[in-house]
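Reviewing the structure listed below.
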Amino acid sequence: MNFTYLKSFPRLKPLYRYCSDAEQLCCTRPYLSGNAARNALEHLVRLVYCSKIENDSEMTIFDMVADDRFRDYIGDPYVMNTIHYIRKMGNAAAHQGNLTVDEAISVLENLHFLVGEILILFGVISDYPELQKPEPKKKPQPAPAQP
């Protein structure tokens with residue numbers, strides 16, 4: 001499992017659960033994987049915002065990531081784009097109820113990167129394991145027709 005390293009940090013237990021759910025569901029129930037990734041993103045953004053900027057639980061996730069102080073703290077446009085991608089795909093999963101397996105795997109890849117980079121930014125870790133990309137199960141091929 002790609003997020004097992006988070007188990008070493010008891011305060012990150014909710015984040016681990018969301019990430020683990022996103023990983024476990026990406027090939028079987030991609031829309032639920034997208035929802036779990038969105039929950040992980042929201043948890044992570046709130047963690048950053050409340051720890052490093054201000055404790056304002058009334059703000060939406062979009063308001064937090066649009067805040068100049070948040071963007072300045074993150075300091076990396078690629079990480080910000082990753083945040084918006086996960087948010088957008090998570091919203092599609094939540095509101096439209098659809099995400100393909102390939103989209104869910106892409107969201108998972110982005111989530112893996114984001115979690116690792118934020119934890120490095122926090123000084124919690126110095127590196128994180130490379131993503132082991134989930135492989136969708138292949139559908140069984142029908143037997144050839146008998147003559």
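The values are calculated or read from the model by the stated rules, or taken from the named source; none is laboratory data. Here the structure is a predicted model, which means the values were calculated and not measured. With ideal geometry, Cβ positions are generated from the backbone for all residues, glycine too; neighbour counts draw on all protein chains shown. These area figures cover heavy atoms from the full protein model, side chains too; ligands, DNA and RNA do not enter into them. Shrake-Rupley method; radii C 1.70, N 1.55, O 1.52, S 1.80 Å.
Based on what the data block shows, is F3 among the hydrophobic types (A, V, I, L, M, F, W, C), touching an Asp or Glu at 6+ places or on another chain (Cβ under 7 Å) and surrounded by 13 or more Cβ atoms within 10 Å (Cβ to Cβ)? Don't jump to the end; show me each part of the working.
On the way: among the hydrophobic types (A, V, I, L, M, F, W, C): yes; touching an Asp or Glu at 6+ places or on another chain (Cβ under 7 Å): yes; surrounded by 13 or more Cβ atoms within 10 Å (Cβ to Cβ): yes.
Here the answer is yes, as F3 does meet what is asked.
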Among residues of the stretch 25-41, those that are in contact with a helix residue (DSSP H, G or I) (Cβ under 8 Å, 6 or more places away or on another chain) and either open to solvent by 60 Å² or more (accessible area, probe 1.4 Å) or among the basic types (K, R) (or both), counted: 3
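Yes or no: A66 out of contact with any strand residue (DSSP E or B) (no Cβ under 6 Å at 6 or more places or on another chain), open to solvent by 40 Å² or more (accessible area, probe 1.4 Å), among the hydrophobic types (A, V, I, L, M, F, W, C) and within 30 Å of T28 (Cβ to Cβ)?
no
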Are there any helices (runs of 4 or more DSSP H) wholly within the stretch 1-103 with 2 or more residues that are of a type in the set (G, A, S) and either under 22 Å from I120 (Cβ atoms) or modelled with pLDDT of 95 or more (or both), and if so which? 13-25, 30-52
Looking only at the stretch 69-88, which residues are under 21 Å from A22 (Cβ atoms), open to solvent by 20 Å² or more (accessible area, probe 1.4 Å) and touching a residue at least 40 places away in the same chain (Cβ under 8 Å)? R87
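Restricting to the stretch 42-63, and then to whatever is charged (D, E, K, R) and under 20 Å from L119 (Cβ atoms), can you tell me which residue is most open to solvent (accessible area, probe 1.4 Å)?
Of the residues in the stretch 42-63, the ones charged (D, E, K, R) are 42, 46, 52, 54, 56, 58, 63.
Now restrict to residues that are under 20 Å from L119 (Cβ atoms): 42, 46, 52.
Details: E42: 60, R46: 83, K52: 101 Å².
Of everything passing the filter in the stretch 42-63, K52 is most open to solvent (accessible area, probe 1.4 Å).
Quick grid of which residues meet (1) at negative phi; (2) free of Cβ contacts under 8 Å to residues at least 40 places away in the same chain; (3) among the hydrophobic types (A, V, I, L, M, F, W, C):
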{"residue": "Y5", "(1), (2), (3)": "yes, no, no"}
{"residue": "C19", "(1), (2), (3)": "yes, no, yes"}
{"residue": "S33", "(1), (2), (3)": "yes, no, no"}
{"residue": "H43", "(1), (2), (3)": "yes, yes, no"}
{"residue": "S51", "(1), (2), (3)": "yes, no, no"}
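Based on this model, can you work out whether F122 counts as closer than 19 Å to M1 by Cα, surrounded by fewer than 17 Cβ atoms within 10 Å (Cβ to Cβ) and not basic (K, R)?
Values: closer than 19 Å to M1 by Cα: no; surrounded by fewer than 17 Cβ atoms within 10 Å (Cβ to Cβ): yes; not basic (K, R): yes.
So F122 does not fit the description; no.
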